[in-house]
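Colleague: Below is a structure I'd like to ask you about.
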Amino acid sequence: MYQLLHVGLGPLGLRVVTDLYRRGIGRVVAAVDPAPSLARRELSALVAAAGPGTPIRTHLDEVQEWGRIRCAVVTTRSDLALCMDTFRSLLSRGCSVISTCEELAWPWLRHPVLAQELHELAVRANARILGTGINPGFLMDALPVAVTSACHEVRALRVERIQDAAKRRLPFQEKVGVGLAPAEFERRVAAGTLRHVGLGESLHFLAHYLGWKVERWEETIAPVLAERALDSGLGPVAAGHARGVRQEARGWVGGKLALQFAFQAALGEPEPRDRVVIDGEPPIEFVVPGGVHGDTATSALVLNMIRPLLAAEPGLHTMASVPLQGCVARDSA
């Protein structure tokens, strides 16, 4: 049974902790979140199954249970630079880390220096670190790589993730711009505060494991506008305002457009789906009608990847350098 340190008790973090206890595969022996509203509270006040005896600390320096902790789960920020102090502190203590930080899924794209630092820290401390999640992590990167194993040749790939944002948690709806006027949407895109983090990471992940050199790549972000007034958990969405986002990334290999990624998350999407199309020998099309629920599956990936990560060599890992575990059973964690 896993004994974990959990850092970050927002909606996703609480989902992971709840699923840990629901599945009976571990327990949280220490929890950290700096939110003033959580100071001096017990974890059981948020997740009843945790039981008494696990106070929520505001900083890692307050944790006293290091000798019992097998792994830390970090569900805080999307940007690697903003997570580095946490990762440094954990790795320096010899604590392995699994995180939903999207840029950690392929940190060499935007933060090669930080990626090298994390790898060296982990190796020195005999620890491991992995970024995972449904996207990036699995649906638009590890899964397409696995599907190409059935091909003799791959000439190009297209990967799509179309989601009905109404079924996702409110912070996700905020992240994709639900309810924003077009001008405000564009302002936030320009400021870098509105984007799906990880599309470029998925593109370069896939290219790396196919042995392709990306000569150039580009990424675009645009609002998906409501044609009529809509209701949302964030409040009413006026006609002409954003009901979500469409983000695309394209990569050229050998002078040809070889990688195309499309991510769209908006209220009321009529045909949500996850789709991988491989132009290869043989050609393959893989579709999940309705799509995979992001919050449910991200929590599952975090918990299912703990065991193979702890069995891996020390260092910085990706979802293709650690074997896929499958769903961990209650008595095998």
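Colleague: Once you sort the root eigenvalues of the Cα gyration tensor of the stretch 120-183 as a ≥ b ≥ c, which label holds: rounded (a/c under 1.5), prolate (a/b larger than b/c) or oblate (the other case)?
Modeller: Oblate, since a/c reaches 1.5 and b/c is not below a/b.
Colleague: Which label belongs to the value computed from this structure, given these candidates for Rg and Dmax of the Cα atoms in Å: [x] 18.8, 58; [y] 20.1, 65; [z] 20.0, 60?
Modeller: Matching entry in [x] 18.8, 58; [y] 20.1, 65; [z] 20.0, 60: [z].
Colleague: If you take the square roots of the eigenvalues of the alpha-carbon gyration tensor of the stretch 193-333 and sort them as a ≥ b ≥ c, do you get rounded (a/c under 1.5), prolate (a/b over b/c) or oblate?
Modeller: Cα axes put the stretch 193-333 in the oblate bin.
Colleague: Which order, highest average first, do 75-81, 151-157 follow once you tally other Cβ atoms within 10 Å for each residue and take the mean per peptide?
Modeller: Those peptides, ordered most packed to least, come out 75-81, 151-157.
Colleague: Pop a pseudo-label 7 angstrom from the Cα along the beta-carbon direction at both Ala329 and Arg93 and give the gap in nm to one decimal.
Modeller: 3.3
Colleague: With unit charges on the beta carbons (Lys and Arg positive, Asp and Glu negative) and the dipole taken about the Cα centre of the chain, which residue among Leu130, Ile98, Ile69 sits farthest to the positive side?
Modeller: Ile69
Colleague: Length gain on complete extension for the stretch Glu174 to Ala49, per 0.36 nm per residue less the alpha carbon to alpha carbon distance? Walk me through the intermediate numbers first.
Modeller: Values: separation 125, 0.36 × 125 = 45.00 nm, distance 2.92 nm.
Here the segment from Glu174 to Ala49 would lengthen by 42.1 nm.
Colleague: Arg246's amide H: which non-local residues (gap 5+, or another chain) put their own amide H closer than 5 Å, with H modeled 1.01 Å from N in plane and none for Pro or chain starts?
Modeller: Placed amide hydrogens put Ala222, Val224 under 5 Å from Arg246.
Colleague: Looking at the stretch 138-291, send over the antiparallel percent of its DSSP beta bridges, to the nearest 5.
Modeller: Within the stretch 138-291, antiparallel bridges account for around 80 percent of the total.
Colleague: Which distance in nm do the two modelled labels at Thr296 and Ala238 give, with both placed 7 Å along the Cα-to-Cβ direction?
Modeller: Each label point lies 7 Å from its Cα, and together they span 3.6 nm.
Colleague: When the chain is fully extended, how far beyond the present Cα-Cα distance does Glu219 get from Asp61, taking 0.36 nm per residue of separation?
Modeller: Taking 0.36 nm per residue and subtracting the Cα distance, the gain is 52.9 nm.
Colleague: At a threshold of 8 angstrom on Cα-Cα distance, excluding pairs fewer than six apart, so keeping six or more, what relative contact order does the chain reach in percent?
Modeller: On the way: 728 pairs, mean separation 67.8, N = 333.
Relative contact order of the chain: 20 percent.
Colleague: Going by a ≥ b ≥ c, the root eigenvalues of the Cα gyration tensor, does the stretch 157-202 fall in the rounded group (a/c under 1.5), the prolate group (a/b larger than b/c) or the oblate group?
Modeller: Oblate is the answer for the stretch 157-202, as a/c is 1.5 or above yet b/c matches or exceeds a/b.
Colleague: At 222 nm, what helix-only mean residue ellipticity would the chain give, in deg cm²/dmol to the nearest 500, using -39500 (n - 2.57) for each DSSP H run of four or more?
Modeller: Mean residue ellipticity, 222 nm, calculated: -8000 deg cm²/dmol.
Colleague: Sort Ser149, Ser89 so that the residue with the fewest other Cβ atoms within 10 Å of its own Cβ comes first and the one with the most comes last.
Modeller: Working: Ser149 6, Ser89 17.
Ascending Cβ contact count within 10 Å gives the list Ser149, Ser89.
Colleague: Express in nm, to one decimal, how much length is gained between Ala190 and Val113 on full extension, taking 0.36 nm for each residue of separation and deducting their alpha carbon distance. If you can, show how the numbers build up before the last one.
Modeller: Details: separation 77, 0.36 × 77 = 27.72 nm, distance 2.49 nm.
Length difference between fully extended and current span is 25.2 nm.
Colleague: Got a sec? How would Glu285, Glu186 order by Cβ neighbour count within 10 Å, fewest to most?
Modeller: Ordered by Cβ neighbours within 10 Å, fewest first: Glu285, Glu186.
Colleague: Describe numerically, in nm with one decimal, the distance between label points set 7 Å from Cα along Cα→Cβ at Ala39 and at Leu210.
Modeller: Here the answer is 5.1 nm between the modelled labels.
Colleague: Taking the Cα centre of the stretch 138-291 as the origin, how large is its charge dipole in debye, to the nearest 20, when only Lys and Arg (+1) and Asp and Glu (-1) carry charge on their Cβ atoms?
Modeller: Working: 19 positive and 20 negative charges, 58 e Å.
Dipole about the Cα centre, nearest 20: 280 debye.
Colleague: Within 10 Å, count the other beta carbons around each residue, average over each peptide in 55-68, 193-206, 7-20, and list them highest first. Display every interim value, and only then the final one.
Modeller: Numbers: 55-68: 13.9, 193-206: 23.1, 7-20: 20.8.
Ranking, from highest mean packing down: 193-206, 7-20, 55-68.
Read-outs throughout are calculated quantities, based only on the coordinates presented, and are distinct from any laboratory measurement. Because the structure is predicted, anything quoted here is derived from the model rather than measured. In this analysis, Cβ positions are derived from the backbone assuming ideal geometry, glycine residues included, and neighbour counts consider all displayed protein chains.
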